[in-house]
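Contents: one structure, followed by commentary.
The values are calculated or read from the model by the stated rules, or taken from the named source; none is laboratory data. Note that this is a predicted model, so its numbers are computed, not measured. Positions of Cβ are generated from backbone atoms using ideal geometry, with glycine treated the same way; all protein chains shown enter the neighbour counts.
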Amino acid sequence: MRKKSRNTKNSFILILVISILFPFFFNTPESRAEKNGYSNVLVIYTSSDGEIDEHQRIFDMLISHFTTDVKFISSNEVEKKDLSGVTHLFYYGQFPDRLPSTFHTLLNDYTGSILAIGHNTKQLGTHFDFIDQKNEFEINQMAFTDKKEKRLNTSYGKAINIEVDKGTEILVEGTRADDSASYPILVKNQNHYYYAVDRMAIRETIFLGEALHQMFGKKHMDASRPGYIRIEDVHPMVNPEPLKEIAGILKEKNIPYMIAVIPVYTNPETGEEHFFSDSPELLKVLKQMQEDGGSVILHGYTHQHKLNETGEGFEFWDVEKNTPIYAPASKEFVLKHERDFETREKYEEYMKELENFENEYIHKKVKRGIQELVNYGLYPLAFEAPHYTMSQNGYKVLSESFSTYVGQLQLSDSDWKIMDSTPYITSPSFLKGMQLLPETMGFVEEGNPNALQEIQQKSEMIQITDNGVAGAFYHPYLGADGLKDVLKVMEKIPNLSWIDLKEMDVWVKTENVDIYTKNGEVITDVKQGALLLSSIDFPLYHLKEFIDMVIWGIAILGGLAVISFIMFTVHLHSRKAKMEG
Amino acid sequence: MANFLLYTSLFIIWMMLFYHAFLMIGGYLHSLKYREYEKKLATPVEDFPKVSILIPAHNEEVVIEDTIQSMIQLNYPKDKLEVIIINDNSSDNTGSIIDRFAQKYAFIRAVHTKPPHTGKGKSAALNHGLNYSSGDIIVVYDADNTPEPDAIHYLALGLKHDSKAGAIVGKFRVVNANKNILTRFINIETLTFQWLAQAGRWFWFKMSTIPGTNFAIRRSILEQLGGWDEKALSEDTELSIRVYNAGYYIRFFPAAITWEQEPENLKVWLRQRTRWARGNLYVIFKYLFRMHKLKNKKVLVDIYYFLFTYVLFFGGILLSHSIFAVNLVRDLELSIGVVSYVLLVVGFLLFVTEVCLALSMENDQLTFRNFLSVLFMYFTYSQMWLFLVMYSSFLEGKRMLFRQEAKWYKTQRFKQPTKENHSA
C-alpha cells in the first residue's frame, strides 16, 4: 500500500513537472527560431519602375508584423542566390509584365511556403498551376468564407478573376453588387497562397494578414486585442479644463493612454509663439496625466511650417509644393527635376543637398522638441508626425531618436496624401527599426454627425482580425463627453487590452537626453547641466518656476503676517478691556 | 524685460513689507514691555538731573503761549529745570510773549538770536540755545508742543537710569487729529510710525531715531559731537546717526508723551514732508559713501533702511505702478498670473492690519471711523508719499548737482481751540 501510494505520488509530480515544462519545450524552438531570424522572408516585386513604392510599403507594413527579416528585391534583379535560407517567399506582381527568363527555373528548388499577389503567376514556374488567371473584374465586397457575415468593401473595387483547381481552399471570397455569386480572392493550396488583387489598402491587408498568420504558424491563441486612445494636438494654448476632465475619466476607468504633445503653439495671424512655460496650469495637468497613466508622445515641435496655425499646418511636409521640406519657410523654393540637370550625378548631388537640409531640419525640430519637453518634466516615449506626413528620409532621421512611432504612415515621397494604416503592430523596413502602433479607427471630426458611426465601422473592420490594433484619437477641445462616446465604442470590443507605452520596450534619445522603459517604469538619463547650457530657455523656465514658488511663498507669508496682526490686535483689545474692567 | 522689472520691483517691495511687518511685531512686543521700565522710574529719587529744555521759535505767536503753559505744568523740580526759548528772527510777537513769561518765571529764559546767527534754521537755533544752557540733560521741543506733565520726568530719569543710552525719545501725539481728513491721516501715520519704526527698531535692535521733538540727550554727547549739523535739513536723523557712532544707543520710551499739531492743509504738509524727505536723502548720501568711517556699524541698519525706503522701495512701487499702467494700454505679456492679485490683496491687508495694530496700542484710537480712514488712506495718503519722494529726490538731486545750500522751511502753525481735547 505504502509503495503504491509513493508511486502515485511520484507519477503525480512527474506529470506536474512535465505539464509545467511542456509549454517551454513546445514554445522554445519557434521563439528561438524567431529570435535567430528563422523566418527569413524574401519579397520579389514587380512594380512600374522597378523601385519600391507605396504598394510595396503597404505590404512591408503587413509582413513586418511577423518578422523583421524581410528583404525586397525587384523581379528584374532577383537571383537564385537570393533564395538561399528563405523560409517564406512572396511574389507581388503589381503590374502584368514579362518577367526575366530566369523565372522559369528560379523557384524550382524552393520548397517552402510561398504567397503570390496579383499578376504574372504563370511565370513563376509551376508553383501556381492550381490557379488560372483571367482578366481584372469588378469586386465590391470581400469576406472570409468561414465568416461570411464579416464583409468589407474593397478599396479599389477590383480583383483578378481566377479559377482554381480542385483541392484548393478558398479562404476569402469576393462578391459583386450585381450578382449573388462569389469568387475566390485569397486561396490556399498546400503551402501555396494566392491573393487575387494587385493593389492593397488596409482592408485588403486585413484579409491577407489573417492568411499570413496561418502561413507563419502564428495563430494567436490568447486573442487579446491591443488598443489605444490618443489625446491629440495638446499644445500650449489648449484649455486645461477639458483636458483635466478627460484625464479624470481615463484614470477612473484605469485606461492607459497617449497624449500627443506639441511643444510650441504658433499664432497664424501674428506669428507669435507660445510655450508650455507660458501655460503653467496646463503643464501641471499634463504632468499629472503623465503620472496617472498617460504617456507623452511628441507630435512635432510646432505642428506647422510656414505661417500656419499649430495643429492645422504641416510641419514636416511642404503641402504647397507637395515635397518634403527642402528649404527654409522664408525662402521661395521650386523643386527641380532630373531633366533640369545635364547628368544624373548632378541631379543626385542636388537631391543629396536637399535631403541634407531636410535631415538637419527634422533633426533640429525633434531634438528641440524632446529637450523642451524633458526640461518641463514631460518624457516623450514615441513620435507621431503632424498629419502623419513624413518623407521616407524623414523616417530614417526619426529612427535615430525614437524606437516607436504612433499613427498612420505616409507611403510615398511624391504625394503626402498617399498614406495608410495597417492592422497590426509592426516594424516595416522603411521605418528603419521603429515600431509602429497603427491608428486604425480615426477620430471624432468636429461637425461630422456620422463621426461616431464611422469609428464604429472601423472598429468592426479591425475586429475581423485576430489581434489587429484598435487605435483611435480624440481632440480634447471637443470636451469630455465626446471622449466618453468613443470609449463606449472601444470598450465594446471583446478582449481589448489597452496599450501602455510604459509597459512596452521603448526608448527615445537625443543630445543630452536618454529615455527608456524598464519593467513598466520610465527611466530618464538626462545630462541636466549640458541640457541647461544648450539653450537659455531651459534654465529660464526653471528660474521662472522658482520665482513663482517664491512669490507664492511671499503671498502665504504675507497672509500669515496679516493673521498674526489681527490676533495681536484682538489680544491688545481684550487686555485693555480686562485692565479697564 | 517687463517681467524682469516686475519681479524685481515685487521682490524689493515685499522685502520692505516683511521688514516692516517684522518691526511691527517688535513694536507690539515693546508695547507689552515698556511699562516695566516705567514702573522702575516711578520709585522716588533724591537727585534729579539738571534739565535744559530748548525750544526754537520762529514766528510762533500762534502756539508759543500754550507751549510755555505746558512747561509751567511740568512735574519736575523747577530748581533742576530751565526752559530756554530761542526766538529766531521772528517778525511777529513771539519775542515779546517769551519775554513776558521769562520775566514772570525764573526757570524760563528767553534767548534772541542776533546777526550773523539769525534765521539760519532749526539746527543753528538749537546750537545757539545750547550755548546758553547749563543742564546735564538737554531736551528739545518744537514750539507747537504741549508735553504732558510727566514727560520730562520720564525723559530725564529714563536717561539717568540707562547709562548706555545717549538719548531718549518719547512719544508724540497729534493735537488736531480730528480737524480734517488730512490730520486724521497724519495722526494714523504718526502712531504707526512710532509703534512700528521707533518701538519696533528699539525692541529688535536697540535703535530709534531722534524725531526733532520730545527727546532728551546728554549734554556731554552734544558737546563731544559739536552740536547740531547746520547743513542738515533733518537735523534729528543726522544727530541720531552721530549719537550711535559715538557708541551710545537711543532709547524709545513711549511713557513720555507730548502733543503737537500737524499740518492742516496739503500745502503745509507737502512743504514739511519735502523737508523731511530731502533731509533723509541728505543723510543717506552723507553716510553711504563714508560707511567705512562709521564706528558703530549698527547705524548701517538705519542707513540701509533709509536707502531701501527712499530709493528702492519707492522705486519699486513706482516701477510696478508704471508696469501696471503701461499694461493697461499695451499688453506687456506679463507672465505672473493670478498671484499678482493675491499679492495686491495681501499687501493691502498687511497695511490695514499693521496700522490697526498700531492704533490699538493707544486708547480709543481703533475706532470704526479711523478704520475706514485706514482703508481710504491706502489709496490716497500713501500714494501721495510716492509723489512726495519723487519730488524730494528731484530737489535733492538738483541741490547736490548744483551745490546749492539747503533752505530750511519752517512749518506753518495753526491756532488751536483753547480747550484741547487730547483724545483725538
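Listing for the model above:
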{"quantity": "Hey, residue A:241 part of a loop (DSSP other than H, G, I, E, B), in the same structural domain as residue A:468 (by TED's automatic domain parsing) and surrounded by fewer than 24 Cβ atoms within 10 Å (Cβ to Cβ) or not", "calculated": "no"}
{"quantity": "One residue from A:479, A:520, A:468 being away from every other protein chain (no Cβ under 14 Å), in contact with a helix residue (DSSP H, G or I) (Cβ under 7 Å, 6 or more places away or on another chain) and loosely packed, with under 13 Cβ neighbours inside 10 Å", "calculated": "A:520"}
{"quantity": "From B:375, B:386, residue being under 27 Å from residue A:552 (Cα atoms), more than 8 Å from every other protein chain (Cβ to nearest Cβ) and in contact (Cβ under 8 Å) with a residue 60 or more places away in the chain", "calculated": "B:386"}
{"quantity": "Test set (1) of a type in the set (D, E, K, R); (2) assigned to a loop (DSSP other than H, G, I, E, B); (3) crowded, with 17+ Cβ neighbours inside 10 Å - residue A:60 fails condition number", "calculated": "(2)"}
{"quantity": "Exclusive hit being closer than 30 Å to residue A:146 by Cα, loosely packed, with under 14 Cβ neighbours inside 10 Å and either polar (S, T, N, Q) or at pLDDT below 95 (or both), set A:528, A:453", "calculated": "A:453"}
{"quantity": "Complete set of residues in segment B:7-24 that are in contact with a Gly (Cβ under 7 Å, 6 or more places away or on another chain) and surrounded by fewer than 21 Cβ atoms within 10 Å (Cβ to Cβ)", "calculated": "B:12"}
{"quantity": "Residue check for residue B:59: at positive phi, touching a residue at least 24 places away in the same chain (Cβ under 8 Å) and away from every other protein chain (no Cβ under 14 Å)", "calculated": "yes"}
{"quantity": "Candidate set from segment A:493-537 (those that are in contact with a Lys or Arg (Cβ under 7 Å, 6 or more places away or on another chain) and outside any strand (DSSP E or B)); member that is nearest to residue A:402 (Cα to Cα)", "calculated": "A:511"}
{"quantity": "Residue match in segment B:150-166 (condition: crowded, with 24+ Cβ neighbours inside 10 Å, closer than 21 Å to residue B:302 by Cβ, of a type outside the set (D, E, K, R) and under 14 Å from the mean Cα position of the chain (by Cα))", "calculated": "no"}
{"quantity": "Scope segment B:7-26; condition in contact with a Ser or Thr (Cβ under 9 Å, 6 or more places away or on another chain) and facing chain A (nearest Cβ under 10 Å); matching residues", "calculated": "B:10, B:13, B:21, B:24, B:25"}
{"quantity": "Some residue of segment A:556-575 being part of a helix (DSSP H, G or I), more than 10 Å from every other protein chain (Cβ to nearest Cβ) and at pLDDT below 90", "calculated": "yes"}
{"quantity": "Residue in segment A:535-546 that is in contact with a helix residue (DSSP H, G or I) (Cβ under 8 Å, 6 or more places away or on another chain), of a type in the set (A, V, I, L, M, F, W, C) and at the interface with chain B (Cβ under 7 Å from one of its Cβ atoms) present", "calculated": "no"}
{"quantity": "Among the candidates A:321, A:284, residue that is assigned to a helix (DSSP H, G or I) and basic (Lys, Arg)", "calculated": "A:284"}
{"quantity": "Verdict on residue A:441 being aliphatic (A, V, I, L, M), outside any helix (DSSP H, G or I) and either in contact with a strand residue (DSSP E or B) (Cβ under 7 Å, 6 or more places away or on another chain) or touching a residue at least 40 places away in the same chain (Cβ under 8 Å) (or both)", "calculated": "yes"}
{"quantity": "Residue satisfying condition, being at pLDDT below 90 and among the hydroxyl-bearing types (Ser, Thr, Tyr), within set B:134, B:91, B:96", "calculated": "B:91"}
{"quantity": "Boolean, residue A:174 is in the same structural domain as residue A:89 (by TED's automatic domain parsing) and in a loop (DSSP other than H, G, I, E, B)", "calculated": "no"}
{"quantity": "Hits in segment A:381-396 - residues which are within 20 Å of residue A:359 (Cβ to Cβ) and either touching a helix residue (DSSP H, G or I) at 6+ places or on another chain (Cβ under 7 Å) or in a loop (DSSP other than H, G, I, E, B) (or both)", "calculated": "A:383, A:384, A:385, A:389, A:390, A:391, A:392, A:393, A:394, A:395"}
{"quantity": "Sole residue being outside any helix (DSSP H, G or I), of a type outside the set (Val, Ile, Thr), on the phi < 0 side of the Ramachandran plot and surrounded by 20 or more Cβ atoms within 10 Å (Cβ to Cβ), chosen from B:228, B:202", "calculated": "B:228"}
{"quantity": "Residue in segment A:275-315 that is surrounded by the most Cβ atoms within 10 Å (Cβ to Cβ), counting only those that are hydroxyl-bearing (Ser, Thr, Tyr) and within 10 Å of residue A:235 (Cα to Cα)", "calculated": "A:310"}
{"quantity": "Test: residue in segment A:399-414 that is modelled with pLDDT of 95 or more and either basic (Lys, Arg) or assigned to a helix (DSSP H, G or I) (or both)", "calculated": "yes"}
{"quantity": "Residues of segment A:250-282 satisfying the condition of being over 27 Å from residue A:315 (Cα atoms) and either more than 24 Å from the chain's Cα centre (by Cα) or within 14 Å of chain B (Cβ to nearest Cβ) (or both)", "calculated": "A:252"}
{"quantity": "Candidates A:264, A:319 - the one that is modelled with pLDDT of 90 or more and surrounded by 15 or more Cβ atoms within 10 Å (Cβ to Cβ)", "calculated": "A:264"}
{"quantity": "Any hit, segment B:252-270, residues being among the charged types (D, E, K, R) and surrounded by fewer than 19 Cβ atoms within 10 Å (Cβ to Cβ)", "calculated": "yes"}
{"quantity": "Flag for residue A:525 being away from chain B (no Cβ under 14 Å) and closer than 18 Å to residue A:381 by Cβ", "calculated": "yes"}
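So that you can scan it fast, the table gives a plain yes or no per residue for (1) in contact (Cβ under 8 Å) with a residue 24 or more places away in the chain; (2) over 30 Å from residue A:256 (Cβ atoms); (3) not in a strand (DSSP E or B):
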position	(1), (2), (3)
A:300	yes, no, yes
A:330	no, yes, yes
A:336	no, yes, yes
A:339	no, yes, yes
A:355	yes, yes, yes
A:360	no, yes, yes
A:366	yes, no, yes
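Conditions tested, residue by residue: (1) under 32 Å from the mean Cα position of the chain (by Cα); (2) not in a strand (DSSP E or B).
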site: A:85; (1), (2): yes, yes
site: A:100; (1), (2): no, yes
site: A:116; (1), (2): yes, no
site: A:151; (1), (2): yes, no
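Yes or no, residue by residue, for (1) surrounded by 14 or more Cβ atoms within 10 Å (Cβ to Cβ); (2) away from chain A (no Cβ under 14 Å):
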{"residue": "B:306", "(1), (2)": "yes, yes"}
{"residue": "B:325", "(1), (2)": "no, yes"}
{"residue": "B:329", "(1), (2)": "no, yes"}
{"residue": "B:344", "(1), (2)": "no, no"}
{"residue": "B:348", "(1), (2)": "yes, no"}
{"residue": "B:355", "(1), (2)": "yes, no"}
